[in-house]
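For reference, the structure discussed in these notes is given below.
The values are calculated or read from the model by the stated rules, or taken from the named source; none is laboratory data. For clarity, every value in this text was computed on a predicted model and none was experimentally measured. Heads up, the Cβs are rebuilt from the backbone with ideal geometry, glycines too, and the neighbour counts pull from every protein chain shown. Side chains are part of the model used for accessible areas, which takes the heavy atoms of the whole protein and leaves out ligands, DNA and RNA. Shrake-Rupley method; radii C 1.70, N 1.55, O 1.52, S 1.80 Å.
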Amino acid sequence: EEKTLNQQLQAEQFEHAFNHMILGRFNRRANNKLCEIVFEGQIYYGDPVTGSEKKKKSTKYRSSILLEGNLFSPTCEGNLHVHISSSLLDVMSSKMTNYAIMVALVSFFEILLFLKQMEYSSSEALLTKISPYCIGQQAILDAYLCFAHLATGIMREPLFHTFAIAAFFKCILFLIFEMRFLLMIWKALHPNAFNSGFYVMRRELSILYVKFYGFLFGGIIGIYWLQDFPYFLLFVFYSFWVPQIIHCAINDSKKPLDLFYILGISISRLVIPLYFTYCPANFFEIFPNPQFAFCFIIWMAIQMTIVIIQNYFDPRWFIPSIFLPQKYNYKRLLSSEDEIESECAICMTSLVKSTPSTLVTPCNHYFHDILLGFF
C-alpha cells in the first residue's frame, strides 16, 4: 500500500520511539544480560485486524497507525504483548474541523427554529401550554454540549478557534434564546407573582434559577456516576419531548408548538448523537453501533409523533377514556327555547347556534370555534 510522505515520517518516528521505549525496557528487565530478542507483529494504517473480538467491537483506528504484535526472547524466557497506536494528525484535524463546522451550522439552524417558535407563541395563553421542563431540558443539553466542545478545543489547541465557534453558537442558543424563552413561559405560568412587586418577582426568579442550575449541576454528577452507560444517558437527555407530552395530557392543551419547530428540533438534535454512534469516520474513532442508532431514531420519532398528534388532534388520545375526568362539551346541543341566532362575544358578528363552528361556554356565551381556540 502506497503511503504519503507524512505517513512515512510518522511511521519512522513511531518505530524510533518503539526501539527506545519498548526494547529498552525489555533489556532492563533482563538485567543487562545479552539476549536474543524477536518481535513478530505488524504496523497497520487505517483499520487493523485486532487480536480479539472484544477489541474489534470497542475501537476502530480509522485515522491511526497501530503497532501490534509479540516481543519475546527465546534465550531469556521473556514475552511481552505490544499494542500501541498513534493518530495521523492531518487526518484527525480534518475530521475535527468538519465536525465543528457541522455543529455550528446545526446550532444556527436551531436558533432560527427557536425564533420561529417564540414568534408563534407570542401570547401568554399559548405560552402556558408549553412545558418549562421541555425547554429547560433542551437548555441543559445545549449547555453540556457547549462545555464539551470548548473543552475539546482546549485539549486540541491548533483547532481551538474552530471548536470555539461551535461552542459559541451553543452558548448563544443556551444563554440567550432558550433561557429567555424559559423565562417567558415561567412568567406566563405565574402571572400574579410577576405583577405583585419587585420582591415577589425576585423570589420567583430565584426559584426558577435555583431549579435550573440545580438540574444542571445534578446532571453533571449523574453523568459522572453513569459514565459507563453512555447509551442510557443519551436516551435520558434526548427525551426532552416527554415533559411536553405530559404537560399537554394534564392540561388538555392543543397547538402549543409550531409544526416546523417540532420537526426541525427533532431532526437537528439527532445529528450529534448519530455522528458518534453511526458514522464510522468520527474523530473519536468510536466503533459505530447501528442497532443503537436505529433504536435512538425510533425513540425520537415516537416522541415527535405523539407531540404532533397532541398538537393537532387530541392531547389525551393515548389515555383510556375510563381514566379521564369528565370534560365540558363546548359543542353541546342547545334547547329549543334558546335563540337560533346570536353574536360572537369576541368579534361581535352574528353566528348560528348548534353548528360545528359555534362554541358555547358554561356561562352560555357563544363564540366562533377559531376565535375561542386562541384563548
Exercise. Does residue 143 satisfy the condition of being within 17 Å of the chain's Cα centre (by Cα), in a helix (DSSP H, G or I) and not β-branched (Val, Ile, Thr)?
Worked result: yes
Exercise. Are any of the residues in the stretch 121-136 open to solvent by 30 Å² or more (accessible area, probe 1.4 Å) and within 16 Å of the chain's Cα centre (by Cα)?
Worked result: yes
Exercise. Residue check, residue 130 against (1) modelled with pLDDT under 90; (2) touching a Phe, Trp or Tyr at 6+ places or on another chain (Cβ under 9 Å); (3) not in a helix (DSSP H, G or I), all met but one. Which one?
Worked result: (1)
Seminar exercise, completed: For the stretch 244-277, the count of residues that are open to solvent by 50 Å² or more (accessible area, probe 1.4 Å) and over 10 Å from residue 310 (Cβ atoms) equals 7
Exercise. Among the candidates 165, 172, 176, which residue alone is free of Cβ contacts under 8 Å to residues at least 60 places away in the same chain, out of contact with any strand residue (DSSP E or B) (no Cβ under 9 Å at 6 or more places or on another chain) and under 21 Å from residue 141 (Cα atoms)?
Worked result: 176
For this session: Write out, first by first residue and then by second, each pair whose Cβ atoms fall under 7 Å of each other, whose residues are 6+ apart or on separate chains, and whose first residue, in the stretch 293-322, is of a type in the set (D, E, K, R) while the second is surrounded by 16 or more Cβ atoms within 10 Å (Cβ to Cβ).
Result: 316/249
Exercise. Yes or no: residue 289 surrounded by 13 or more Cβ atoms within 10 Å (Cβ to Cβ) and free of Cβ contacts under 8 Å to residues at least 60 places away in the same chain?
Worked result: yes
Exercise. Condition test on residue 251, is it out of contact with any helix residue (DSSP H, G or I) (no Cβ under 7 Å at 6 or more places or on another chain) and more than 29 Å from residue 302 (Cβ to Cβ)?
Worked result: no
Exercise. Applying the selection to the stretch 255-292, what residues are touching a strand residue (DSSP E or B) at 6+ places or on another chain (Cβ under 9 Å) and either of a type in the set (D, E, K, R) or at positive phi (or both)?
Worked result: 285
For this session: Could you tell me which numbered condition residue 199 fails, if it satisfies all but one of (1) modelled with pLDDT of 90 or more; (2) open to solvent by 90 Å² or more (accessible area, probe 1.4 Å); (3) of a type in the set (Ser, Thr, Tyr)?
Result: (1)
